[in-house]
1. Could you grab me the full set of residues in the range 301-322 that are touching a residue at least 24 places away in the same chain (Cβ under 8 Å) and either within 10 Å of A139 (Cα to Cα) or open to solvent by 60 Å² or more (accessible area, probe 1.4 Å) (or both)?
2. I'm trying to understand the selection: among the residues of the range 4-60, which are open to solvent by 30 Å² or more (accessible area, probe 1.4 Å), touching a helix residue (DSSP H, G or I) at 6+ places or on another chain (Cβ under 6 Å) and touching a residue at least 60 places away in the same chain (Cβ under 8 Å)?
3. Let me spell it out: the conditions are (1) modelled with pLDDT under 95; (2) touching a strand residue (DSSP E or B) at 6+ places or on another chain (Cβ under 7 Å), and I247 meets all of them except one. Which number is the exception?
4. Are any of the residues in the range 290-311 outside any loop (DSSP other than H, G, I, E, B), within 21 Å of the chain's Cα centre (by Cα) and among the acidic types (D, E)?
5. Can you tell me which residue is most open to solvent (accessible area, probe 1.4 Å) among those in the range 110-124 that are in contact (Cβ under 8 Å) with a residue 24 or more places away in the chain, farther than 18 Å from V223 by Cα and not in a helix (DSSP H, G or I)?
6. Being assigned to a loop (DSSP other than H, G, I, E, B), closer than 27 Å to P80 by Cα and either among the basic types (K, R) or modelled with pLDDT of 95 or more (or both) is the filter here, so list the residues in the range 193-226 that pass it.
7. Considering only the range 146-175, how many residues are part of a helix (DSSP H, G or I) and surrounded by fewer than 22 Cβ atoms within 10 Å (Cβ to Cβ)?
8. Is one or more of the residues making up the range 176-192 part of a strand (DSSP E or B) and open to solvent by 10 Å² or more (accessible area, probe 1.4 Å)?
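The values are calculated or read from the model by the stated rules, or taken from the named source; none is laboratory data. Just so it is clear, the structure is predicted and the values come from calculations on it, not from any experiment. Positions of Cβ are generated from backbone atoms using ideal geometry, with glycine treated the same way; all protein chains shown enter the neighbour counts. When the accessible area is computed, the model is the full protein with side chains, heavy atoms only, and any ligands, DNA or RNA have been set aside. Shrake-Rupley method; radii C 1.70, N 1.55, O 1.52, S 1.80 Å.
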Amino acid sequence: MIPVETYRGRRIALFGLGGSGMATAKALVAGGADVTLWDDSPAAIEKARVAGLHAADLRELDWKSVSALVLSPGVPLTHPEPHWSVKLAHAFSVPVIGDVDLFFRERARRAPDSIVVCITGTNGKSTTTALVAHLLREAGFDAQMGGNIGTPVLELAPPEANAPRRVHVLEVSSYQIDLAPTISPTIGIHLNLSPDHIDRHGSFDHYAAVKERMIAPSQIAIVGIDDPASEAIAMRHARAGGRTVTISVVAKHGASIHAAGRVITNNQGETLADLAGIGSLRGSHNGQNAAAALAACLQLSVPRDIIRKGLATFPGLAHRMEQIGRVGRALVINDSKATNADSTGKALLAFEDGLFWICGGKAKAGGIADLAPLFPRVAKAYLIGDAAGSFAKTLGPAVPHVLSGTLEAAVKQAAEDANRSFFAEPVILLSPSCASFDQFPNFEVRGLVFRDLVSALPGFRPL
């Protein structure tokens, strides 16, 4: 835990008692703050009280004495409208911040020169975060990984001036950046931008502007430049005098690092790494992720041979192009994290053909229409959840498909069809292009159920 002593003796209001909210409340109390917390869920409030925390309705608080409202990232800050706690804070000119901001305030107080690598982007940030941490650990660093991935940031070991090998590697979502006015990474990695979370940010331009807030104060910015909004972010950072490393997977002229194909090169044409045969880093999207992680490690003087070895031993992340095993001849991939078409497009691009694709759930705007150019790679689709009907209309006669309805039915059908097919190595791919909330509480549970269903099939062999 990182005790947050920045607000010692001051009154803090906290709203949102999920995992990060509870961790934040405990860190503030450990640092001597006077914390009053609340949630819209009575069960969450009771859980906090059982943990010995002070819960009281923030609507009854004397806001004139409050130094800050600490908001959990999932609570609306601006759109579709500010949460009632945010409106109260604004009415009394109380700053609204989050756990990532508290981390950076503590870092400034404890060890301002400690190394912090922050990773953001619409897609790939979890894989890149885990890969950076993995490579640094291979090089002997004490890599503290957390934030929007796994461990809440304030549950990590604290920044310390006498721990020079400690590096904090943080995945940071747009929601967290929006609540972190003091964010200031040593290295800021921005991977890409595509329309997502528009309901939360109001517009794509606002979403992009929030992402840029992380890059602007970074000492070193590593930016993927294959989409126009991200390229503009890189250019502005460079024009402002910031050290900027640019990455392209399409061999864009002027990029510092290229990850076209499976070989990563610098702008002198020198080979930095070869991803051939690394199953956990399939696809051009993982080329970008690997290039970004490699660039960050080079900036921290990690030897190239250690980086190459670390890339080869990276196990990948659960639910993100995760190789589960084989059923007969079929390779099974769990990409449950693909909750939008852009993510699924990257998964489809990782294979030339022979895809037996399970998709569907709670559809997002646009559905899968943008994936039409990749439909020829799909041998058959198995449609589940609320989106099954609309996805069937989009696929039309171009892709053989069946309305499976449930994940259980889809897994059985896909396994049978894949092993009856003529493909040398058919691939059963769960890449839903949808949120999970129609049938599962989150993408992790969806992926775990998929894994269990596949593991129970006759002839399953784990990888």
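1. Of the range 301-322, the ones touching a residue at least 24 places away in the same chain (Cβ under 8 Å) are 302-304, 306-322.
Matches in the range 301-322: V302, P303, R304, I306, I307, R308, K309, G310, A312, T313, P315.
2. Within the range 4-60, T6, S20 qualify.
3. Tallying (1) modelled with pLDDT under 95; (2) touching a strand residue (DSSP E or B) at 6+ places or on another chain (Cβ under 7 Å), I247 fails exactly one: (1).
4. Initially, the range 290-311 is screened for residues outside any loop (DSSP other than H, G, I, E, B), giving 290-299, 304-311.
Next, from what is left, pick out any that are within 21 Å of the chain's Cα centre (by Cα): 290-297, 310-311.
If we keep only those that are among the acidic types (D, E) as well, we get none.
The answer is no; no qualifying residue exists.
5. First pass over the range 110-124, keeping only residues in contact (Cβ under 8 Å) with a residue 24 or more places away in the chain: 110-111, 113-124.
With farther than 18 Å from V223 by Cα added as a condition, the list becomes 110-111, 113-115.
Applying the additional criterion that residues be not in a helix (DSSP H, G or I) yields 111, 113-115.
Details: A111: 5, D113: 145, S114: 18, I115: 41 Å².
Filtering the range 110-124 for residues that are in contact (Cβ under 8 Å) with a residue 24 or more places away in the chain, farther than 18 Å from V223 by Cα and not in a helix (DSSP H, G or I), the one most open to solvent (accessible area, probe 1.4 Å) comes out as D113.
6. Step one: of the range 193-226, the residues assigned to a loop (DSSP other than H, G, I, E, B) are 193-197, 202-203, 216-219, 225-226.
From the residues that got through so far, the ones that are closer than 27 Å to P80 by Cα too are 193-197, 202-203, 216.
Answer for the range 193-226, where residues must be assigned to a loop (DSSP other than H, G, I, E, B), closer than 27 Å to P80 by Cα and either among the basic types (K, R) or modelled with pLDDT of 95 or more (or both): just A216.
7. Taking the range 146-175 as the starting set, the residues that turn out to be part of a helix (DSSP H, G or I) are 153-155, 174-175.
Then keep just the ones that are surrounded by fewer than 22 Cβ atoms within 10 Å (Cβ to Cβ); that gives 155.
Residues meeting the conditions: 1.
8. Going residue by residue through the range 176-192, those that are part of a strand (DSSP E or B) are 187-190.
Subset that is open to solvent by 10 Å² or more (accessible area, probe 1.4 Å): none.
Within the range 176-192, not a single residue is part of a strand (DSSP E or B) and open to solvent by 10 Å² or more (accessible area, probe 1.4 Å).
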